[in-house]
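J.: Below you'll find the structure I mean.
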């Protein structure tokens with residue numbers, strides 16, 4: 001049971017991070033470049049999960065995608081997709097919940113690049129797409145890595161939002177953080193301890209690797 | 001040939017300003033835009049390159065229309081075939097020298113011009129180096145080579161040398177002139193340095209508050225026609241030594257330091273570090289061949 005919940009946690013974190021990378025990178029680029037007046041509103045929405053209690057987010061998702069809601073019924077009728085008390089629901093909630101952890105570092109990475117870099121590429125006849133993939137992305141690698149690792153780590157640490165929308169179904173929505181809570185409730189302290197220790201070591205290793213890699217790339221630029 | 005008429009409201013440090021200019025460049029011209037910061041020099045370059053859209057006017061390059069407000073034509077920068085060089089080099093940090101230069105080639109095949117430029121800019125030994133390891137002068141040589149590798153007709157240089165020290169600047173000026181002549185470019189340089197301008201430009205356009213107030217050969221612009229010298233040079237005052245009634249100026253002209261004696265009050269306004277014009281009209285210079 002321990003391994004099942006750990007595997008579920010890793011699977012959730014991997015899928016969430018992958019989706020967030022695909023969604024978050026263009027969003028971060030747009031936020032860093034836009035002159036739109038609506039920018040503060042979008043930035044606020046992206047940052048909301050940072051301060052909003054996870055239970056609030058979970059509650060609204062539960063309401064929005066439950067069987068009694070229009071969206072929930074529509075998704076179930078036409079796509080057979082149930083977002084409440086299911087793994088796909090966890091993925092959706094995690095993507096929203098970890099969005100700022102992917103977008104913020106990448107956005108500041110893009111903003112720190114001199115504007116002339118982009119303009120020089122355009123003046124050499126390169127399209128916006130080529131410039132984005134050949135010039136912008138390769139020059140913010142440390143920021144991309146930070147975004148990926150923080151989103152991954154943050155998804156592993158989720159509890160409230162997962163509990164609200166996913167519940168506690170073994171093999172489907174019972175991720176490690178919830179399993180620990182469950183084991184403690186059942187007074188199985190040794191199982192809770194094993195899981196907690198693994199999560200502790202995992203989180204430490206992930207964050208340490210970010211700092212090591214970023215310090216190294218910093219040194220390379222200074223040299 | 002490039003003909004343009006540009007109009008745009010710009011927000012400068014002292015509030016709003018209308019940029020309104022009208023000029024024509026012939027093929028092979030070396031033009032310098034001169035003026036105070038905020039006069040609109042960089043904005044003109046950005047409009048020519050397509051990074052900034054004028055509100056009104058047109059830009060025609062030979063028979064191509066780059067911009068026309070009436071016909072709503074605004075060719076994107078990618079299609080204007082210009083070379084653009086910035087003060088801060090703007091090299092791509094994720095590529096080495098060679099990759100930076102090759103990056104500008106349309107297809108991978110035609111490396112001839114790129115190789116020629118690497119040769120001309122004397123970058124052959126450095127080609128695999130990371131750009132972080134280069135000096136400012138070397139970086140700007142790479143930027144010049146990169147800007148010209150896809151053979152643009154118009155080269156736009158936005159204060160490319162102002163971050164470099166004096167010696168490096170002189171050498172880079174030579175490189176730029178060499179490129180200008182080799183590829184028969186039309187070049188526009190933004191510069192603040194009269195010595196540099198006199199050395200390089202065919203024609204100077206003086207910009208004040210968004211308008212071109214003077215146009216002409218650099219010597220006549222900077223000497224303001226007060227002298228009709230038989231020979232004249234520009235230099236920089238290295239030192240001014242005051243004696244009883246006279247002052248001795250030590251002036252750097254090219255690589256030579258000359259001393260000049262003047263009455264004290266005549267040159268009271270000249271200080272160390274000033275750019276000066278040195279001319280003689282009373283004497284016939286003696287010219288002998290150096291062995």
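Laboratory data are not the source of any read-out in this text; all were calculated from the coordinates shown. If you're wondering where the values come from, they're calculated on a predicted model, not measured in any experiment. Methodologically, a virtual Cβ is constructed for each residue, glycine included, from the backbone with ideal geometry; neighbour enumeration extends over all protein chains shown.
J.: Please give the helix B:136-148 orientation as an angle from the longest Cα principal axis of chain B, in degrees from 0 to 90, rounded to the nearest 10.
T.: Taking the Cα atoms of chain B, the angle to B:136-148 is about 50 degrees.
J.: May I pose another question? Just the Cα atoms of region B:149-215: what Rg and Dmax do they give in Å?
T.: Over region B:149-215's Cα set, Rg and Dmax evaluate to 12.6, 35 Å.
J.: Turning to a different aspect of this structure: Rg/Rh for region B:227-280 to two decimals, with Rh computed the Kirkwood way over all alpha-carbon pairs. Let's see the in-between values first.
T.: Details: Rg = 10.8 Å, Rh = 11.3 Å.
For region B:227-280, the value is 0.95.
J.: With an 8 Å Cα cut-off and a minimum separation of 6 or more residues, compute the relative contact order for chain B in percent. Don't skip to the end; give the middle numbers.
T.: Details: 523 pairs, mean separation 54.8, N = 291.
Value for chain B: 19 percent.
J.: Starting from the alpha-carbon convex hull of the protein assembly as shown, give the projected area averaged over all orientations, in nm². Working shown, then result.
T.: Working: hull surface 144.4 nm².
Here the figure is 36.1 nm², rounded to one decimal.
J.: Binning at 5 Å from 0, report for region B:1-55 what percent of all alpha-carbon pair distances ends up in each bin.
T.: P(r) for region B:1-55, in whole percents per bin: 4, 17, 28, 28, 14, 6, 2, 0.
J.: What number, rounded to the nearest 500 deg cm²/dmol, is the helix-based mean residue ellipticity at 222 nm of chain A, given -39500 (n - 2.57) per DSSP H run of at least four residues and division by all its residues?
T.: Working: 11 runs with 173 residues, N = 223.
It comes out at -25500 deg cm²/dmol, rounded to the nearest 500.
J.: Using the number of other C-beta atoms within 10 angstrom as an exposure proxy, rank A:136, A:102, A:48 with the fewest first.
T.: Values: A:136 21, A:102 30, A:48 15.
Ascending number of Cβ neighbours within 10 Å: A:48, A:136, A:102.
J.: Does a label point 7 Å from the Cα of residue A:30, set along Cα-to-beta-carbon, have any residues of region A:127-160 with amide nitrogen under 16 Å, and which are they?
T.: Correct set: A:129.
J.: Please work out, to two decimal places, the log10 of the ratio I(q)/I(0) at q = 0.09 Å⁻¹ from a Debye calculation in which every Cα of chain A carries one identical scatterer.
T.: So the normalised log intensities are -0.45.
J.: For residue B:280 paired with residue A:59, estimate the spin-label separation in nm (one decimal), with each label point 7 Å from Cα along the Cα-to-Cβ line.
T.: Result: 9.3 nm between the two label points.
J.: Over all directions, average the projected area of the Cα convex hull of region A:58-186 and note it in nm². The partial results should precede the final answer.
T.: Working: hull surface 43.4 nm².
If you wrap the Cα atoms of region A:58-186 in a convex hull and average its projections, you get 10.9 nm².
J.: May I ask you to derive the relative contact order of chain A, considering only C-alpha pairs under 8 Å and at least 6 residues apart, and to give it as an integer percent? Don't skip to the answer; put the middle values down first.
T.: Working: 246 pairs, mean separation 68.5, N = 223.
Contact order relative to length: 31 percent.
J.: Modelled label-to-label distance, residue B:73 and residue B:178, 7 Å Cα→beta-carbon offset: nm?
T.: Here the answer is 3.8 nm between the modelled labels.
J.: When the scattering of region B:161-291 is computed by the Debye formula from its Cα atoms alone, each counted once and equally, what is log10 I(q)/I(0) at q = 0.18, 0.20 Å⁻¹?
T.: Here log10 of I(q) over I(0) equals -1.21, -1.36.
J.: Let me ask something else. Relative to the present Cα-Cα distance, how much length would full extension add between residue B:290 and residue B:99 at 0.36 nm per residue of separation?
T.: On the way: separation 191, 0.36 × 191 = 68.76 nm, distance 4.37 nm.
Stretched out fully, the residue B:290 to residue B:99 stretch lengthens by 64.4 nm.
J.: Another question, then. So how much slack lies between residue A:212 and residue A:187, counting 0.36 nm per residue of separation and subtracting their Cα-Cα distance, in nm? Could the numbers behind the result be given before it?
T.: On the way: separation 25, 0.36 × 25 = 9.00 nm, distance 3.84 nm.
Extra length from residue A:212 to residue A:187 when fully extended: 5.2 nm.
J.: Which angle from 0 to 90°, rounded to the nearest 10, does the C-alpha axis of helix A:54-65 make with the longest principal axis of chain A?
T.: 80 degrees
J.: Let me ask you something else. Given the alpha-carbon gyration tensor of region B:2-222, what are the semi-axes of its equivalent ellipsoid in whole angstrom, ordered largest first, with each equal to the square root of 5 times an eigenvalue?
T.: On the way: eigenvalues 164, 85, 51 Å².
Over the Cα atoms of region B:2-222, the ellipsoid semi-axes are 29, 21, 16 Å.
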